[in-house]
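FYI, it's all coordinate maths here, none of it is from the lab. Since we're looking at a predicted model, the values are computed, not measured. Here the Cβ positions follow ideal geometry from the backbone for every residue, glycine too, while neighbour counts run over all protein chains shown.
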Amino acid sequence: MFYACSLHPEIGDGFANFLTDIFIDKDKNEDAITRVSAVSYVGSYLSRARFISVNIVVSVLKRLVDWCDYYCGHQLDNGVTANPIKHQLFYASCQAVMYVLCFRLRSIMDYPNLKQQLFRMRIRDILVHPLQPLKVCLPSIVNEFLRQATAASLFHAPAISMHEDAVESDLSKAFGGLNRLDMFFPFDPYLLKESDRFDYQ
């Protein structure tokens, strides 16, 4: 599918929006596993598919961030806390957003209009919400995202910096389980450990 999309940009753009539609699930037809898989696929796809335009990347990011913001707004219980199982969809979307920005933030910053759109997104509000996505998502992604976001001045509030150098926690373990990177980012390169000693040139 990845290769087919690379040959036809219109199919590639449509695939990104198709996956996003499944995750957002306006018609309430999809189960949680399908939706988590969809947002994981779109996060990995946008990160690795350099043939996808930056405009499409920002468009999908806005849809995901808006969904997360809406989700946060409906957690009306003052005692709401991080819960990797109950709020799995939320954390999967947050992790996808951060992962995409780890790979595409620099290219977005090259376009003033897209940079402005990104800066208007409520990413900071989501990350400092009591659901604490920075403590639940994979620490390596959180740390790299915060490093790049700080360098790009994406955040100006000190509340974000307190989460730098995130470490593995029981919350992040509960969210992902084993082999998190393989599970959440299916389009990542796969290292063939048994055959990498062969020369295929």
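Could you work out how much longer the chain between Asp31 and Ala4 gets when fully extended? Use 0.36 nm per residue separation minus the Cα distance between them, nm to one decimal. Could you put the intermediate results ahead of the total?
Working: separation 27, 0.36 × 27 = 9.72 nm, distance 2.72 nm.
Residue separation times 0.36 nm, minus the Cα-Cα distance, leaves 7.0 nm.
At R0 = 25 Å, how high is the FRET efficiency between Asp21 and Gln117 if r is their beta carbon distance? Nearest 0.05 is fine. Walk me through the numbers before you get to the answer.
Values: r = 20 Å, r/R0 = 0.81.
Computed FRET efficiency for Asp21 and Gln117 comes out at 0.80.
Would you kindly state how much longer the chain becomes between Arg124 and Val54 on full extension, computed as 0.36 nm times their sequence separation minus their alpha carbon distance, in nm to one decimal? Don't skip to the answer; put the middle values down first.
Numbers: separation 70, 0.36 × 70 = 25.20 nm, distance 2.10 nm.
Roughly 23.1 nm would be gained on extension.
For the range 1-90, what does the relative contact order come out to in percent, with C-alpha contacts under 8 Å and a separation of six or more?
On the way: 51 pairs, mean separation 26.8, N = 90.
Once normalised by length, the contact order is 30 percent.
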